[in-house]
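Colleague: Just dropping this structure here.
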Amino acid sequence: MTRRDFLRRLEAMSAAAVAGASAIPFTGCLGFYYVDSTLVGSRVMVRRSEFGANPFVLVDAPSEALPIFVIRDDDGSYTALSTRCMHRGCQVEPAGGRLVCPCHGSEYATDGAVLKGPTERPLRRFPVSVEGEAIAIELAGPAR
Ligand code: FES
(Lines give C-alpha, C1' and ligand atoms only; values in the text may rest on other atoms or scores of the structure.)
Protein backbone atom coordinates (compact mmCIF):
# COMPACT_ATOMS: atom_id res chain seq x y z
CA MET A 1 0.00 0.00 0.00
CA THR A 2 1.40 3.38 -1.00
CA ARG A 3 1.28 6.43 1.25
CA ARG A 4 -1.34 7.92 -1.03
CA ASP A 5 -3.50 4.79 -0.83
CA PHE A 6 -3.14 4.82 2.95
CA LEU A 7 -4.21 8.47 3.17
CA ARG A 8 -7.19 7.86 0.92
CA ARG A 9 -8.28 4.89 3.01
CA LEU A 10 -7.89 6.98 6.15
CA GLU A 11 -9.93 9.79 4.61
CA ALA A 12 -12.64 7.36 3.55
CA MET A 13 -12.91 5.99 7.08
CA SER A 14 -13.06 9.54 8.47
CA ALA A 15 -15.75 10.57 6.01
CA ALA A 16 -17.80 7.49 6.76
CA ALA A 17 -17.56 8.28 10.47
CA VAL A 18 -18.62 11.90 9.95
CA ALA A 19 -21.39 10.93 7.50
CA GLY A 20 -22.69 8.40 9.99
CA ALA A 21 -23.21 11.21 12.48
CA SER A 22 -25.16 13.33 10.01
CA ALA A 23 -28.90 13.55 9.67
CA ILE A 24 -28.97 14.17 5.90
CA PRO A 25 -26.52 11.87 4.12
CA PHE A 26 -25.43 12.12 0.51
CA THR A 27 -27.40 9.52 -1.37
CA GLY A 28 -25.25 6.47 -1.79
CA CYS A 29 -22.25 8.10 -0.11
CA LEU A 30 -20.03 5.64 1.68
CA GLY A 31 -16.79 7.60 1.54
CA PHE A 32 -14.52 9.61 -0.66
CA TYR A 33 -14.20 8.64 -4.27
CA TYR A 34 -11.12 9.79 -6.12
CA VAL A 35 -11.14 9.70 -9.91
CA ASP A 36 -8.51 9.85 -12.61
CA SER A 37 -7.95 13.12 -14.37
CA THR A 38 -5.73 14.61 -17.03
CA LEU A 39 -4.12 18.03 -16.90
CA VAL A 40 -4.44 19.95 -20.17
CA GLY A 41 -2.85 23.36 -19.86
CA SER A 42 -4.53 25.00 -16.88
CA ARG A 43 -7.52 22.67 -16.98
CA VAL A 44 -8.15 19.37 -15.23
CA MET A 45 -10.19 17.06 -17.43
CA VAL A 46 -12.38 14.36 -15.85
CA ARG A 47 -14.48 11.84 -17.77
CA ARG A 48 -18.11 12.16 -16.70
CA SER A 49 -18.36 8.38 -16.59
CA GLU A 50 -15.90 8.47 -13.67
CA PHE A 51 -18.76 9.57 -11.41
CA GLY A 52 -20.62 6.30 -11.85
CA ALA A 53 -23.47 6.39 -9.33
CA ASN A 54 -21.60 8.76 -7.04
CA PRO A 55 -23.03 12.27 -6.68
CA PHE A 56 -19.56 13.68 -6.09
CA VAL A 57 -15.90 12.85 -6.57
CA LEU A 58 -12.52 14.14 -5.47
CA VAL A 59 -9.93 15.12 -8.03
CA ASP A 60 -6.25 15.76 -7.50
CA ALA A 61 -4.81 18.76 -9.31
CA PRO A 62 -1.08 19.42 -9.55
CA SER A 63 -1.38 23.08 -8.58
CA GLU A 64 -3.59 22.44 -5.58
CA ALA A 65 -2.29 21.13 -2.27
CA LEU A 66 -5.66 19.58 -1.50
CA PRO A 67 -8.09 17.73 -3.79
CA ILE A 68 -10.96 19.41 -5.59
CA PHE A 69 -14.50 18.40 -4.66
CA VAL A 70 -16.71 18.03 -7.75
CA ILE A 71 -20.43 17.47 -7.40
CA ARG A 72 -22.91 16.65 -10.16
CA ASP A 73 -25.98 18.78 -9.67
CA ASP A 74 -29.53 17.60 -10.38
CA ASP A 75 -29.72 19.74 -13.53
CA GLY A 76 -26.66 18.03 -15.04
CA SER A 77 -24.25 20.84 -14.26
CA TYR A 78 -21.16 20.43 -12.12
CA THR A 79 -19.68 22.43 -9.25
CA ALA A 80 -15.97 22.26 -8.38
CA LEU A 81 -14.73 23.49 -5.01
CA SER A 82 -11.40 23.59 -3.27
CA THR A 83 -11.41 21.40 -0.16
CA ARG A 84 -9.19 23.94 1.60
CA CYS A 85 -11.15 25.46 4.49
CA MET A 86 -11.12 29.25 4.30
CA HIS A 87 -10.69 29.55 8.05
CA ARG A 88 -7.20 28.16 8.54
CA GLY A 89 -6.67 25.75 5.68
CA CYS A 90 -7.63 22.28 6.89
CA GLN A 91 -9.18 19.89 4.40
CA VAL A 92 -12.97 19.88 4.49
CA GLU A 93 -14.77 16.58 4.12
CA PRO A 94 -18.07 15.70 2.46
CA ALA A 95 -20.62 14.74 5.08
CA GLY A 96 -24.36 14.96 5.38
CA GLY A 97 -24.97 16.90 2.18
CA ARG A 98 -22.42 19.54 3.08
CA LEU A 99 -18.69 19.96 3.55
CA VAL A 100 -17.42 19.92 7.11
CA CYS A 101 -14.06 21.02 8.46
CA PRO A 102 -12.70 18.63 11.08
CA CYS A 103 -10.42 21.26 12.63
CA HIS A 104 -12.79 23.88 14.06
CA GLY A 105 -16.20 22.84 12.77
CA SER A 106 -16.88 25.17 9.87
CA GLU A 107 -19.52 23.92 7.47
CA TYR A 108 -20.13 24.75 3.83
CA ALA A 109 -22.95 24.05 1.39
CA THR A 110 -22.09 22.07 -1.74
CA ASP A 111 -21.99 25.35 -3.66
CA GLY A 112 -19.26 26.55 -1.29
CA ALA A 113 -21.41 28.96 0.73
CA VAL A 114 -20.74 29.24 4.45
CA LEU A 115 -23.31 27.44 6.61
CA LYS A 116 -21.49 27.64 9.93
CA GLY A 117 -18.40 29.43 11.25
CA PRO A 118 -15.84 30.15 12.40
CA THR A 119 -15.04 30.64 8.71
CA GLU A 120 -16.44 33.79 7.17
CA ARG A 121 -15.49 33.14 3.55
CA PRO A 122 -16.92 30.62 1.06
CA LEU A 123 -14.85 27.83 -0.42
CA ARG A 124 -12.92 28.69 -3.56
CA ARG A 125 -14.99 27.73 -6.57
CA PHE A 126 -13.47 26.74 -9.92
CA PRO A 127 -15.24 27.32 -13.25
CA VAL A 128 -16.45 24.05 -14.78
CA SER A 129 -17.58 23.37 -18.33
CA VAL A 130 -19.02 20.24 -19.88
CA GLU A 131 -17.21 19.23 -23.06
CA GLY A 132 -18.77 16.13 -24.55
CA GLU A 133 -18.07 13.19 -22.29
CA ALA A 134 -15.71 15.17 -20.08
CA ILE A 135 -15.82 18.07 -17.69
CA ALA A 136 -13.10 20.70 -17.65
CA ILE A 137 -12.14 22.35 -14.36
CA GLU A 138 -10.34 25.62 -14.93
CA LEU A 139 -7.58 26.10 -12.36
CA ALA A 140 -6.34 29.47 -13.56
CA GLY A 141 -8.31 32.64 -13.79
CA PRO A 142 -11.11 33.97 -11.69
CA ALA A 143 -12.51 31.85 -8.95
CA ARG A 144 -14.59 33.00 -6.06
FE1 FES B 1 -11.58 24.87 9.07
FE2 FES B 1 -10.73 26.17 11.20
S3 FES B 1 -9.54 25.38 9.59
S4 FES B 1 -12.77 25.61 10.70
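Colleague: Give a quick list of GluC sites (Glu not before Pro) in the stretch 81-133 that DSSP marks as loop, anything other than H, G, I, E or B, with at most 16 other Cβ atoms within 10 Å. Working shown, then result.
Modeller: On the way: sites: Glu107, Glu120, Glu131, Glu133; in loops: Glu120, Glu133.
Sparse-neighbourhood loop GluC sites (Glu not before Pro): Glu120, Glu133.
Colleague: Next up: Compute the Kirkwood hydrodynamic radius of the stretch 83-144, taking the inverse of the mean of 1/r over all pairs of distinct Cα atoms, and give it in Å to one decimal. Display every interim value, and only then the final one.
Modeller: Details: mean 1/r = 0.0812 Å⁻¹.
In the stretch 83-144 this quantity evaluates to 12.3 Å.
Colleague: While we're on this one: Stokes-Einstein D for the stretch 29-82 at 10 °C, 1.306 mPa s, Kirkwood Rh over Cα pairs, in µm²/s?
Modeller: On the way: Rh = 11.6 Å.
Approximately 137 µm²/s, per Stokes-Einstein.
Colleague: Please list the radius of gyration and Dmax for the stretch 73-114, considering alpha-carbon atoms only, with Å as the unit.
Modeller: 10.5, 33
Colleague: Give the peptides 48-55, 78-85, 64-71 in descending order of average Cβ contacts within 10 Å, highest first. Write down the numbers at each step before the final one.
Modeller: Values: 48-55: 14.2, 78-85: 22.1, 64-71: 19.5.
Descending mean neighbour count gives 78-85, 64-71, 48-55.
Colleague: Okay, next question. I'd like the distance separating the alpha-carbon centroids of the stretch 98-144 and the stretch 36-95, in whole Å.
Modeller: The two parts, judged by their Cα centres, are 9 Å apart.
Colleague: In whole Å, largest first, what are the principal axis extents of the Cα atoms in the stretch 27-144?
Modeller: Computed over the Cα atoms, the extents are 39, 32, 22 Å.
Colleague: Accessible area per residue of the stretch 72-144 at 1.4 Å probe, in Å²?
Modeller: 47
The values are calculated or read from the model by the stated rules, or taken from the named source; none is laboratory data. These numbers come from a predicted model, not from an experiment. Ideal geometry is used to build each Cβ from the backbone, glycine not excepted, and the neighbour counts take in all protein chains shown. SASA here: full protein model, heavy atoms, side chains in, ligands and nucleic acids out. Shrake-Rupley method; radii C 1.70, N 1.55, O 1.52, S 1.80 Å.
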